[in-house]
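The values are calculated or read from the model by the stated rules, or taken from the named source; none is laboratory data. Remember, it's a predicted structure, so these values are computed and weren't measured experimentally. Reconstructed Cβ throughout: ideal geometry from the backbone, glycine too, with neighbour counts over all protein chains shown. The accessibility values were calculated without ligands, DNA or RNA, using every heavy atom of the protein model including side chains. Shrake-Rupley method; radii C 1.70, N 1.55, O 1.52, S 1.80 Å.
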Amino acid sequence: MTTDTSWADVAAATAALLETAYGMREGDQAADSLCAGWTRGHVLTHVARNADAIGNLVTWAVTGVPTPMYASAEAREADIEAGAARPVADLVADVEASAARLADQTADLAPAHDAVEIELRGGWRIRASELAWRRLREVAYHHVDLDAGFGFADLPPDLTSAFLADEVAGLRRHPQAPALTLHTTTGEEFTVGAGTAYVTGTPAALLGWLARGLTEGLATDGALPHLPKGS
């Protein structure tokens, strides 16, 4: 994970997602997304509510007052479900407005807040300096999840590389991680465990596999290893 991400990076990724969303026609929101069980409407609603949730953590970092991301896990799910079937225009307006609110809040962040510990959903504690990276990942991944013409290959190459390294780091921590070696077409190599299985692809293709189970554009010396859930 990197903490070098800026809120300007988040703004750029948000603008790219909104450009895709602006191109959606009424009815497109009901199509399946790459997130199992979620439509595009679910994804867009989640992106909006995540902006509000990250905003709560910004408030925590700035004020020192513990402010949870969501009122509860049940409330989070209910909000996403309730918003998923809205008209396209309402969904896009929600993403845009929530992103603007978050941008206003992050203007209050200062270097002195970087080391403040805050708590993510599920109890995982991080420093406030990681918030921009967390939001960037949400926006970029869910942009791809819309399955509306934007893929991991459309991300800036440096961002793709950072996400790929982050996914590999997460896989290495997983107790059921397969032993594999990843070769990118740009010359990078990542080893997990004993590295006995070899998988080659572009950074975007490898990221798509690790992050979303996408297999297009991959080459291997045998069957693709099974990736554990939650890696």
(1) modelled with pLDDT of 95 or more; (2) within 25 Å of E119 (Cα to Cα); (3) hydroxyl-bearing (S, T, Y) all hold for S231 apart from (1)
Result of the Cβ filter at 9 Å on the range 215-227, keeping first residues that are among the polar types (S, T, N, Q) and partners that are open to solvent by 80 Å² or more (accessible area, probe 1.4 Å), at least 6 apart or interchain, is T220/Y198
query = Residues in the range 15-25: is at least one under 15 Å from the mean Cα position of the chain (by Cα), over 30 Å from A107 (Cα atoms) and not β-branched (V, I, T)?
reply = no
Residue set F150, F190; condition closer than 20 Å to L214 by Cβ, open to solvent by 20 Å² or more (accessible area, probe 1.4 Å) and part of a loop (DSSP other than H, G, I, E, B); output residue F150
*Being more than 18 Å from the chain's Cα centre (by Cα), of a type outside the set (D, E), farther than 22 Å from A15 by Cβ and not in a helix (DSSP H, G or I), is that true of even one residue in the range 82-95?*
yes
Checked the range 1-57 for anything of a type in the set (K, R) and crowded, with 23+ Cβ neighbours inside 10 Å; matches are R40
Being at negative phi and part of a helix (DSSP H, G or I) narrows A99, A115 down to just A99
Reported set for the range 125-139 where residues are within 16 Å of P68 (Cα to Cα), open to solvent by 40 Å² or more (accessible area, probe 1.4 Å) and within 16 Å of the chain's Cα centre (by Cα) is R134
Restricted to the range 153-164 and to residues being free of Cβ contacts under 8 Å to residues at least 60 places away in the same chain and small (G, A, S), the residue surrounded by the most Cβ atoms within 10 Å (Cβ to Cβ) is S161
Residue in the range 58-71 that is touching a strand residue (DSSP E or B) at 6+ places or on another chain (Cβ under 8 Å), over 20 Å from L131 (Cβ atoms) and crowded, with 19+ Cβ neighbours inside 10 Å present: no
